[in-house]
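This report concerns only the one structure given below.
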Amino acid sequence: MFKKYDIIVVGAGHAGCEAAASAANLGSSVLLITMNMATIAQMSCNPAMGGVAKGQIVREIDAMGGYSGIVSDKSTIQFRMLNKSKGPAMWSPRTQNDRMRFAEEWRLMLEQTPNVDFWQDTVNELLVKGDRVAGVKTSLGISIEADAVVLTNGTFLNGLIHIGEKRFGGGRTAEKSATGLTEQLNELGFTSGRMKTGTPPRVDGRSLDYSLMEEQWGDDNPGKFSFTDVEVPQQQKCCWITYTNLDVHETLKEGFEKSPMFTGRIKGLGPRYCPSIEDKINRFADRDRHQIFVEPEGLHTVEIYVNGFSTSLPEDIQYKALTKIPGFEKVKMFRPGYAIEYDFFPPTQLGLTLETKLIKNLFFAGQINGTTGYEEAASQGFIAGINAHQKINDLHELIMKRSESYIGVLIDDLVTKGTEEPYRMFTSRAEHRLLLRQDNADIRLTPIGHQLGLVNDKRLEKVNRKIENSDTIIKYLKSTSIEPSLINNLLEELGTSALTQNFKLFQLVTRPQVSLNDLRKVSAGLNDLLMQFDIETVEQAEIKAKYESYFEKELEIVGKMKKMEDQEINPNFDYSGMVSLSKEAREKLKKIKPRTLGQASRISGVSPSDISVIMVHLK
Amino acid sequence: MTNNDTIVALATPSGIGAIGVIRLSGPDALTICNTVFKGRDLSVQASHTIHFGTIRDGEVILDEVLVSLFIAPHSYTKENVVEISTHGSAYIIESIIKLFIRTGARAAKPGEFTLRAFLNGGMDLSQAEAVADLIASNSASSHLVAMQQMRGGFSSELKGLREQLIHFASMIELELDFGEEDVEFANRDQLRSLTLAIHAVLYRLISSFEQGNVMKNGVPVVIAGKPNVGKSTLLNALLNEERAIVSEFAGTTRDTIEDEMSINGVVFRFIDTAGIRETADVIEAQGVLRTREKMKQARLILYLFDSEQGIEEIEEQLAELALLGIPIVGIVNKSDLLAPAVMEVLKGLELIFISARDKVGIEELKVEVLRKVNLHRINNDDVIVSNIRHVEALKKTEEALDRVLYGLDNPVTSDFLAMDIKQALYYLGEITGAVTTDDLLENIFSKFCIGK
């Protein structure tokens, strides 16, 4: 009943949806197989997108023609630009989303994407011919052929849910797990491991007393993720902050002996930076309170997500502890929190295109690679979908550079270093963070999306205009001086030293205290010029002007490292005869097969002196 | 790059010497040598043994030689190495090397023996770099600098500071990535103290470079004075050989002549110059210009007067020279011709009295030269930076730390602070070896002379 597809995507979470969309938009015929058509693009954990480093990733996906930004914007119920008080590389967009609308928007966008077919079923076997994947076999016993397969199984592979001493198989609460695939992949020679993650209880908003909590509103002038003209809902909802206390902690401790974490029933490693509440109490015993973010699950629903209270303690303990939190005294629970263990495949088994090294045309994306987070998953899916299409059409592979995107950092980290615990993106993982900003994601990446064919001419034209116009502003700043008498009052007000002679506007902008908006108040010429351009262009000009010297220094380092990054190594390079390499380095290099000297230098266990040995051999 | 071949080169300096040592390295070193060596069968001898015999090209005996064997991996290159000590005739050496090449060896490229030592795990890069310096060292003090670097030198000191800085970098990163949550912030006062402490170390290291450079290249000393005052004669007296052209006519030395000598283990580079006087001769005018340039580069000026110059003229000249800001030793030559009364007056001016021609007062002058240069003797523990690559990295680090300090005193956000710290870490890493760059390799292996 099925034709042969170009690409089959297994799983319809953030990774699967992006993979299906990118491959289909490039022209491949795609079959998206999900266990449940009703839970496409389900936000399994918190109803939010973006945040520090993650917001940058969403912007990057959008800049290249992915859907996550648009879907997030359409379902936004609160927008905040985090870290506005820090430098521009730290500015991170984050939205609170309507969980149901988010999933609906994704489904609608996929339905409207030509070339995407859907099928509700569970894949429990891959069809493999020689060293190449040939399709999938489902639980209904159907074999479907395809030239490439993208696996995005999330937490479903042998998923095991824990609530206190109770445990049951499942990929999410009330959803079945998937079996068979891990076992087959192991037989094919893949190594698998076990990871753990968790989620907090959901509660009834009508049972909370918000007067006992702090309000947290979104930005006055909300921004958005997408560089497109997508309409963002006007209505913004409030979130609240409250805190646990010693009483809450004592109550939770009552359940520790039944905790699957502490009794050793959970074998998988959980994310350190997204710990469960019991873990926080246990590890930071001296802290007498922890922050709780009270987040609405949607525009209309009363359901509330208790962010910061992830737990797998028995449900009665969860309930009892919740009632001790200010504002939660009369809480009614909708769903208990739980922990889930699942299989993952150490991502060092992948190349930089996310294709597996063992089986050709087989791609992995998302939590199956040991990552955590919607954004991390979505970006991998997006890249895997592109590379699957490129591969079966004999087109160039897409390898994102660390110096050009967070996505590049993410994939390079995964396939080069692997990960022991769920991998989450941080800005500090990006050595060239300063260049990888949310404000210039379009400048960095839209040309790549355009070249692939995922972004239309109009969008590229818009980016080029942004570059041109911001340069015009900078040229004006560099060529225009201002008299001390016109500006000294303002400078004094801003707490910076007065001028004794005419000064270029550009030099004034480089002062930390002075903004373009300040300057336009005293320079009519500047004001007239800025009036011609949109906010994003003006902001771009200001960032470029203010931090020019920093960007130049960063680019200098990028340039220094470029030689290493550009020095390619043949994947079949023979390390075995290189006696001066350490044994560990030799083993790792053979396994990872780095594509460049730069990538080789990031493999743990490969020392700088090992690198210099390879360097000499490559000459 | 393969190490399957056997390389050959002269390991001692070319030129005439009592002996020359030819080195063969590679899997076939023994076989190649054995083919042309008449004596014991080298293939069955133990490592680290020496054998007497002759090298023959067919029936022709090229030389009587001593052959030292080093069997892999117990050699400098970790390969089979044979060293042949020959008599130091250029003809013999050339003939033997040609013979080895005909027998299957290949002429070594510059630095190739050390490159092989490195590739075969015999040494790491920083050691290789130090070897290059060690080979080039020509005095006790430059040797000390190179040895010190080979043992790890100042990079171990920097390693410790770098680790402390890494700690702050990670604290600031934590702040940045978890700003939404209540996390502990990096202590800015401690960061400032650490930055200042590193700054002080950098300053010391960078200023030691000049001294280190002097150790390596010699202290530049200019001999200057009016024409025909005896500058070349003094130089010859110091060097104890006829080097500069000496004549009775003023203005014979038209160019600068350099020569080196060691006084108490410190190398001095003496620069003889054309006399300073107003001149109409074009060629000589250029020489005078060059002299003034040279004087500016010198660390010490030996300024010669002669007995015919009046006291006022000498005082005037000394005052003018003092403006250069370079230590000066005023010397009165031909002092044997001085009238005792004049001598009395001049003695008040801290001058050295010599007769260059008769080599009188030369030892006294040497003592004064050492005193004026004031090179405190380098101890084993002194840290000296002698490598230009290191100095550049130190200066880059210093710049980055200056920005950190500026950032701490101004409303610069912590992400930029983090970037400046990271840049400092990057450049410190270039020195300590935590960061590898292509430049390092270029720098090292281009320095070696053939055969070393």
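Would you please name the residue that is farthest from A:Val302 (Cα to Cα), looking only at residues in the stretch A:227-274 that are aromatic (Phe, Trp, Tyr) and part of a strand (DSSP E or B)? Residue satisfying both the conditions and the ranking: A:Tyr243. When A:Ala48, A:Ala15, A:Ala89 are screened for being under 14 Å from the mean Cα position of the chain (by Cα), more than 25 Å from A:Ser143 (Cα to Cα) and of a type in the set (A, V, I, L, M), only A:Ala48 passes. Of the numbered criteria (1) surrounded by fewer than 24 Cβ atoms within 10 Å (Cβ to Cβ); (2) farther than 23 Å from A:Gly337 by Cβ, the one A:Asn158 fails is (2). Looking across the stretch A:502-546, the residues that are among the basic types (Lys, Arg) and surrounded by fewer than 19 Cβ atoms within 10 Å (Cβ to Cβ) come down to A:Lys504, A:Arg511, A:Arg520, A:Lys521.
The lone criterion from (1) of a type in the set (Gly, Ala, Ser); (2) crowded, with 24+ Cβ neighbours inside 10 Å; (3) not assigned by the TED database to the domain that holds A:His162 left unmet by A:Ala365 is number (3).
Only a single criterion out of (1) part of a loop (DSSP other than H, G, I, E, B); (2) more than 14 Å from every other protein chain (Cβ to nearest Cβ); (3) at pLDDT 75 or above is not satisfied by B:Lys109, namely (2).
Residues in the stretch A:177-192 that are under 27 Å from the mean Cα position of the chain (by Cα) and surrounded by fewer than 16 Cβ atoms within 10 Å (Cβ to Cβ): A:Thr191 alone. Taking the stretch A:441-545 and the helices (runs of 4 or more DSSP H) fully enclosed by it, the elements with 2 or more residues that are in contact (Cβ under 8 Å) with a residue 60 or more places away in the chain are at A:441-452, A:457-479.
The single condition among (1) in a helix (DSSP H, G or I); (2) at pLDDT below 70; (3) within 11 Å of chain A (Cβ to nearest Cβ) that B:Val435 does not satisfy is (1). For the stretch A:34-52, the candidate set comprises residues that are part of a strand (DSSP E or B) and either surrounded by fewer than 23 Cβ atoms within 10 Å (Cβ to Cβ) or of a type outside the set (A, V, I, L, M) (or both); within that set, the residue that is farthest from the other protein chains (Cβ to nearest Cβ) is A:Thr34. Residue count for the stretch A:576-608 satisfying the condition of being more than 11 Å from chain B (Cβ to nearest Cβ) and either at pLDDT below 90 or not in a loop (DSSP other than H, G, I, E, B) (or both): 15. Counting only residues that are closer than 22 Å to B:Ala341 by Cβ and at pLDDT below 65, the stretch B:281-318 holds 0 of them. The residue list A:Lys591, A:Lys521 contains one member that is of a type outside the set (Gly, Ala, Ser) and either within 30 Å of A:Arg433 (Cα to Cα) or not assigned by the TED database to the domain that holds A:Thr510 (or both), which is A:Lys591. Among the residues making up the stretch A:288-304, those that are assigned to a strand (DSSP E or B) and either farther than 13 Å from A:Pro47 by Cβ or of a type in the set (S, T, N, Q) (or both) are A:Gln291, A:Ile292.
Per-residue answers, yes or no, for (1) in contact (Cβ under 8 Å) with a residue 24 or more places away in the chain; (2) outside the structural domain of A:Val10 (by the TED database); (3) over 14 Å from A:Leu362 (Cα atoms); (4) not acidic (Asp, Glu):
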{"position": "A:Asn115", "(1), (2), (3), (4)": "yes, no, yes, yes"}
{"position": "A:Gln120", "(1), (2), (3), (4)": "yes, no, yes, yes"}
{"position": "A:Leu126", "(1), (2), (3), (4)": "yes, no, no, yes"}
{"position": "A:Val136", "(1), (2), (3), (4)": "yes, no, no, yes"}
{"position": "A:Leu140", "(1), (2), (3), (4)": "no, no, yes, yes"}
{"position": "A:Glu145", "(1), (2), (3), (4)": "yes, no, no, no"}
{"position": "A:Asn153", "(1), (2), (3), (4)": "yes, no, no, yes"}
{"position": "A:Gly159", "(1), (2), (3), (4)": "yes, no, yes, yes"}
{"position": "A:Gly170", "(1), (2), (3), (4)": "yes, no, yes, yes"}
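Here A:Glu250, A:Glu278, A:Glu303, A:Glu257 are screened, and the one residue that is closer than 30 Å to A:Gln234 by Cβ and either at pLDDT 90 or above or touching a strand residue (DSSP E or B) at 6+ places or on another chain (Cβ under 9 Å) (or both) is A:Glu303.
Flag not set for B:Leu365, criterion: away from chain A (no Cβ under 14 Å), buried (at least 22 other Cβ atoms within 10 Å of the Cβ), at pLDDT 85 or above and not in a loop (DSSP other than H, G, I, E, B).
The single residue among A:Ser92, A:Ser75, A:Ser68 that is within 14 Å of chain B (Cβ to nearest Cβ) and either without any contact (Cβ under 8 Å) to a residue 40 or more places away in the chain or buried (at least 22 other Cβ atoms within 10 Å of the Cβ) (or both) turns out to be A:Ser92. Checked across the stretch A:547-563, the condition of being away from chain B (no Cβ under 14 Å) and either surrounded by 20 or more Cβ atoms within 10 Å (Cβ to Cβ) or assigned to a loop (DSSP other than H, G, I, E, B) (or both) holds for no residue. Against the conditions (1) of a type outside the set (Ser, Thr, Tyr); (2) out of contact with any Ser or Thr (no Cβ under 9 Å at 6 or more places or on another chain); (3) surrounded by fewer than 19 Cβ atoms within 10 Å (Cβ to Cβ); (4) over 28 Å from A:Ser75 (Cβ atoms), A:Val230 satisfies every one except (4).
Output yes when any residue across the stretch A:516-525 is hydrophobic (A, V, I, L, M, F, W, C), under 21 Å from B:Asn410 (Cα atoms) and out of contact with any Cys (no Cβ under 7 Å at 6 or more places or on another chain), and no when none is. Scanning the stretch A:516-525, I find at least one residue that is hydrophobic (A, V, I, L, M, F, W, C), under 21 Å from B:Asn410 (Cα atoms) and out of contact with any Cys (no Cβ under 7 Å at 6 or more places or on another chain), so the answer is yes. Does B:Val214 qualify as being away from chain A (no Cβ under 14 Å), under 30 Å from B:Phe270 (Cα atoms) and at pLDDT 80 or above? Against the criterion (away from chain A (no Cβ under 14 Å), under 30 Å from B:Phe270 (Cα atoms) and at pLDDT 80 or above), B:Val214 does not qualify.
Return yes when B:Lys334 is within 20 Å of B:Met261 (Cα to Cα), of a type outside the set (A, V, I, L, M, F, W, C) and surrounded by 13 or more Cβ atoms within 10 Å (Cβ to Cβ) and no when it is not. It is false that B:Lys334 is within 20 Å of B:Met261 (Cα to Cα), of a type outside the set (A, V, I, L, M, F, W, C) and surrounded by 13 or more Cβ atoms within 10 Å (Cβ to Cβ). With respect to the stated conditions, A:Ser515 fails to be within 14 Å of chain B (Cβ to nearest Cβ), small (Gly, Ala, Ser) and under 30 Å from A:Met64 (Cβ atoms). Scoring A:Val613 on the criteria (1) surrounded by 14 or more Cβ atoms within 10 Å (Cβ to Cβ); (2) more than 9 Å from every other protein chain (Cβ to nearest Cβ) leaves a single failure, condition (2). Here A:Phe573 clears all of (1) part of a helix (DSSP H, G or I); (2) among the aromatic types (Phe, Trp, Tyr); (3) surrounded by fewer than 18 Cβ atoms within 10 Å (Cβ to Cβ) except the condition numbered (1). Going by the conditions given, is A:Gly55 under 18 Å from the mean Cα position of the chain (by Cα), buried (at least 24 other Cβ atoms within 10 Å of the Cβ) and not charged (D, E, K, R)? Yes: the conditions hold for A:Gly55. For the stretch A:588-608, the criterion of being farther than 15 Å from A:Thr416 by Cα, among the hydroxyl-bearing types (Ser, Thr, Tyr) and surrounded by fewer than 17 Cβ atoms within 10 Å (Cβ to Cβ) is met by none of the residues.
The values are calculated or read from the model by the stated rules, or taken from the named source; none is laboratory data. Being a predicted model, the structure only gives us computed values, none of them experimental. Neighbour counts run over all protein chains shown; Cβ positions are idealised from the backbone, glycine included.
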